[in-house]
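Engineer: The structure under discussion is supplied below as structure tokens; questions concerning it will follow.
The values are calculated or read from the model by the stated rules, or taken from the named source; none is laboratory data. All values derive from a computational prediction rather than experimental measurement. Positions of Cβ are generated from backbone atoms using ideal geometry, with glycine treated the same way; all protein chains shown enter the neighbour counts. Please note that ligands, DNA and RNA were not included when accessible areas were found on the heavy atoms of the full protein model with its side chains. Shrake-Rupley method; radii C 1.70, N 1.55, O 1.52, S 1.80 Å.
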Amino acid sequence: MQMLADVTTPEIEDVEAIISAKDVSVFYGDKQALNNVNLDIPANQITSLIGPSGCGKSTFLRCLNRMNDTVFGCRVEGNITLDGQDIYAPEVDEVLLRARVGMVFQKPNPFPKSIYDNVAYGPRIHGLTRDKDELDEVVLTSLEKAGLLKEVKDRLNATGTGLSGGQQQRLCIARALAVQPDIILMDEPCSALDPIATARIEELIEELRENYTIIIVTHSMQQAARISQKTAFFHMGEIVEVGDTEQLFTNPRDDRTQGYITGRFG
Amino acid sequence: MSFLPLVLVLLAMCTFGYWYGSRRAMAQTDSSVRRVAVRPHQFGLYVAIWGLVPPVFLIVLWGLFQEFGSSLGPALFDQIRTIVFPVVTLLVAAGGLYVSIQKINPALKVRKTIETAVYGVLILASTLSVLTTVGIVFSLLFETIQFFDKVPLSEFFLGLEWSPQTALRADQVGSSGAFGAIPLFAGTMLITLIAMMVAVPLGLFSAVYMTEYATDRFRAIVKPILEILAGIPTVVYGFFAALTVGVFFRDVGSAIGLDVVSESALAAGVVMGMMIIPFISSLSDDIIMAVPQSLRDGSYGLGATRSETVMKVILPAALPGIVGAVLLAVSRAIGETMIVVMAAGFAANLTANPLEAVTTVTVQIVGLLVGDQEFDSAKTLAAFALALVLFVITLSLNVIALIVVRKYREKYD
């Protein structure tokens with residue numbers, strides 16, 4: 001917290017932190033992937049995590065919905081709270097946590113099912129809707145919010161894997177939205193897409209910001225600069241610098257940040 | 001000269017050709033240093049190929065035309081066989097060696113010749129295995145046609161009674177023979193059905209456990225143990241079925257007031273199912289592993305539990321492949337012989353009751369051909385007809401399975 005207090009800009013301090021990570025360390029077997037990471041995620045903003053490959057930014061992201069639990073031999077230490085509640089507390093059901101903290105992956109991964117069934121998957125397993133009409137409603141609004149409805153409304157029964165890469169990724173976002181999460185984690189959501197599809201997704205992320213808190217891992221510093229309000233720079237399993245995006249990119253405090261954003265390493 | 005010494009002499013000549021060719025080439029490469037593309041031993045191989053291929057071709061021709069040769073009269077044929085043929089063969093070999101040794105020079109495209117020879121050997125190997133299959137089918141086909149000269153098609157395919165004993169003497173009573181194959185195929189289907197009811201759930205569930213739940217270390221230990229089941233000879237399963245499982249079912253049956261014969265379809269089917277478990281589990285294991293991790297992540301990321309992910313994402317995605325695996329297992333079960341010979345018996349009952357004794361196609365084939373038989377009686381020929389029908393059934397199952405599996409493979413590539 002000490003470190004955070006030093007670097008956070010006044011603009012961000014105004015916003016309440018929805019997620020707060022304190023001294024988080026992650027180990028894969030004997031290998032330490034994260035070392036004492038502290039980060040506050042402001043609500044209804046876009047926070048981007050940048051850094052060279054293997055710096056731990058994806059690992060940190062996967063701590064926030066306990067996806068690391070599914071990795072054998074992975075151990076998480078420290079404290080992560082969501083709305084003040086410790087998400088690693090024994091009484092927390094990680095299945096319900098993941099419904100609140102949605103995730104979109106690097107490679108679009110629609111299920112080999114119809115477009116409709118892809119979006120309806122979450123509501124069905126969580127029993128969010130009472131009848132077919134309600135489910136239809138949820139599916140359509142989710143597709144609408146993900147900006148995909150216009151393109152697919154005539155072929156909701158077509159298979160989701162038949163869409164283009166960018167459409168598949170928006171389908172995955174729609175699928176995440178259908179569970180009505182508060183927070184959406186995005187792990188390099190545009191890295192498998194062409195520039196036009198990337199622009200669509202970025203536009204969509206900015207629209208979603210109104211209703212959701214978004215945390216995005218990205219390799220593209222331009223992307224981080226374009227869409228996020230807050231940026232954290234990871235290096236060798238630690239957070240080197242975190243702050244207001246504009247400040248971090250124009251006036252970094254740390255030499256390593258300076259080096260990374262100007263392309264001297266990474 | 002008989003065949004074996006002829007072959008030995010041939011091999012010796014080619015070994016010499018190899019050695020001499022290598023040496024000669026070595027001597028030549030010394031004098032022309034700039035040619036290093038072909039190594040001496042490849043010249044040796046070149047010579048050996050020329051020494052071996054023409055005589056082998058001759059030997060094969062000889063084998064094919066032996067029957068024609070015997071029509072020339074025994075004395076003449078014997079002379080050709082013992083003197084003319086070996087001499088001609090060895091002369092051809094020597095000629096091949098001589099010509100190829102003469103041709104050795106650094107500019108010779110030796111590697112191309114070796115490549116052609118390798119190509120030829122590979123083609124030959126695959127052709128032989130295909131021809132074997134064709135040969136088996138034809139031998140079945142001819143005997144089957146003979147069988148249907150004696151027994152009408154309608155009796156075989158529609159008859160409900162199977163008792164293949166034919167009369168030894170004309171005045172014998174009640175042994176005219178009945179060749180209705182329906183009880184046999186019904187028995188086969190019953191036992192296969194029981195086997196699949198045991199093997200599919202157990203095999204599939206163990207594959208799901210191994211791929212989705214077990215830790216890597218557990219998997220590394222238990223998977224090979226499961227596969228040991230596949231290495232047990234079927235005859236061992238056979239007496240396990242006959243002496244342990246059959247008796248156990250009979251005792252349990254009598255304890256609860258059911259009449260179970262000790263050679264029941266149930267015992268044979270259950271043990272056959274146990275035999276097939278590793279078959280299904282290791283095939284499904286591979287298929288489930290091939291479902292991309294990203295689909296699992298996607299499902300977990302939406303808050304699905306492990307079993308929801310398995311039921312709603314992984315198994316549907318893997319289903320075509322699993323169906324293919326099950327079909328392969330079915331054809332395995334239909335063709336299985338030893339377990340049913342030992343555990344199910346020979347009584348051709350037409351029944352759907354698994355507690356009674358039934359018999360299968362394979363068991364009857366064994367029964368028909370064991371012991372001294374005349375090879376033109378309807379009884380013996382019936383075995384070929386049964387085998388052909390069985391072959392057609394398992395072949396079509398395999399073809400369907402392969403098509404299904406291939407279709408599934410395209411999906412993730």
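Engineer: Tell me which residues, restricted to segment B:181-218, are without any contact (Cβ under 8 Å) to a residue 60 or more places away in the chain and within 14 Å of chain A (Cβ to nearest Cβ).
Structural biologist: B:Ala214, B:Thr215, B:Asp216, B:Arg217, B:Phe218
Engineer: Filter segment B:299-331 for residues that are among the β-branched types (Val, Ile, Thr), facing chain A (nearest Cβ under 7 Å) and open to solvent by 20 Å² or more (accessible area, probe 1.4 Å) and give the result.
Structural biologist: Hit for segment B:299-331 is B:Thr305, nothing else.
Engineer: For segment B:229-250, indicate whether the set of residues that are within 28 Å of B:Glu336 (Cα to Cα), outside any helix (DSSP H, G or I) and either away from chain A (no Cβ under 14 Å) or in contact with a helix residue (DSSP H, G or I) (Cβ under 9 Å, 6 or more places away or on another chain) (or both) is non-empty.
Structural biologist: yes
Engineer: Which numbered condition in (1) within 14 Å of chain B (Cβ to nearest Cβ); (2) β-branched (Val, Ile, Thr); (3) crowded, with 17+ Cβ neighbours inside 10 Å is the only one that A:Thr159 fails?
Structural biologist: Going through the list (1) within 14 Å of chain B (Cβ to nearest Cβ); (2) β-branched (Val, Ile, Thr); (3) crowded, with 17+ Cβ neighbours inside 10 Å, A:Thr159 breaks only (3).
Engineer: Looking only at segment B:291-298, decide whether some residue is surrounded by 24 or more Cβ atoms within 10 Å (Cβ to Cβ) and within 14 Å of chain A (Cβ to nearest Cβ).
Structural biologist: Within segment B:291-298, one or more residues are surrounded by 24 or more Cβ atoms within 10 Å (Cβ to Cβ) and within 14 Å of chain A (Cβ to nearest Cβ).
Engineer: Looking at segment B:255-274, is at least one residue among the charged types (D, E, K, R) and outside any helix (DSSP H, G or I)?
Structural biologist: yes
Engineer: If you don't mind, another one. Mind checking which residues of segment A:190-219 are acidic (Asp, Glu), open to solvent by 90 Å² or more (accessible area, probe 1.4 Å) and assigned to a helix (DSSP H, G or I)?
Structural biologist: Passing the criteria: A:Glu203, A:Glu206, A:Glu207.
Engineer: Out of the residues in segment B:236-283 that are crowded, with 21+ Cβ neighbours inside 10 Å, over 21 Å from the mean Cα position of the chain (by Cα) and not hydrophobic (A, V, I, L, M, F, W, C), which is nearest to B:Leu204 (Cα to Cα)?
Structural biologist: Looking at the filtered set, the residue picked out is B:Gly269.
Engineer: Another question, then. Does B:Val60 count as assigned by TED's automatic domain parsing to the domain that holds B:Trp19, part of a helix (DSSP H, G or I) and over 22 Å from B:Trp19 (Cβ atoms)?
Structural biologist: yes
Engineer: State all residues of segment A:94-115 that are within 13 Å of B:Ser299 (Cβ to Cβ) and part of a helix (DSSP H, G or I); if no residue qualifies, say none.
Structural biologist: Residues satisfying the conditions are A:Val95, A:Arg98, A:Ala99.
Engineer: Under 9 Å by Cβ, and 6 or more places apart or on different chains, what pairs join a residue from segment B:129-150 that is closer than 19 Å to B:Ile365 by Cα with one that is open to solvent by 90 Å² or more (accessible area, probe 1.4 Å)?
Structural biologist: B:Glu143/B:Phe375
Engineer: Using the structure shown, decide if A:Leu177 is within 27 Å of A:Cys55 (Cα to Cα) and either in contact with a Lys or Arg (Cβ under 6 Å, 6 or more places away or on another chain) or modelled with pLDDT under 90 (or both).
Structural biologist: When the stated conditions are applied, A:Leu177 does not pass them.
Listed here are the residues, each with its yes/no results for (1) more than 21 Å from A:Pro189 (Cβ to Cβ); (2) at the interface with chain B (Cβ under 9 Å from one of its Cβ atoms).
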site	(1), (2)
A:Phe72	yes, yes
A:Arg75	yes, no
A:Thr81	yes, no
A:Val104	no, yes
A:Lys113	no, yes
A:Pro123	yes, no
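Engineer: With a cut-off of at least 2 residues that are open to solvent by 10 Å² or more (accessible area, probe 1.4 Å), name the strands (runs of 3 or more DSSP E) lying wholly within segment A:12-93.
Structural biologist: Correct list: A:17-28, A:31-42, A:74-82.
Engineer: Could you please give the count of residues in segment B:332-353 that are surrounded by fewer than 17 Cβ atoms within 10 Å (Cβ to Cβ) and either closer than 13 Å to B:Ile194 by Cα or not assigned by TED's automatic domain parsing to the domain that holds B:Val235 (or both)?
Structural biologist: 2
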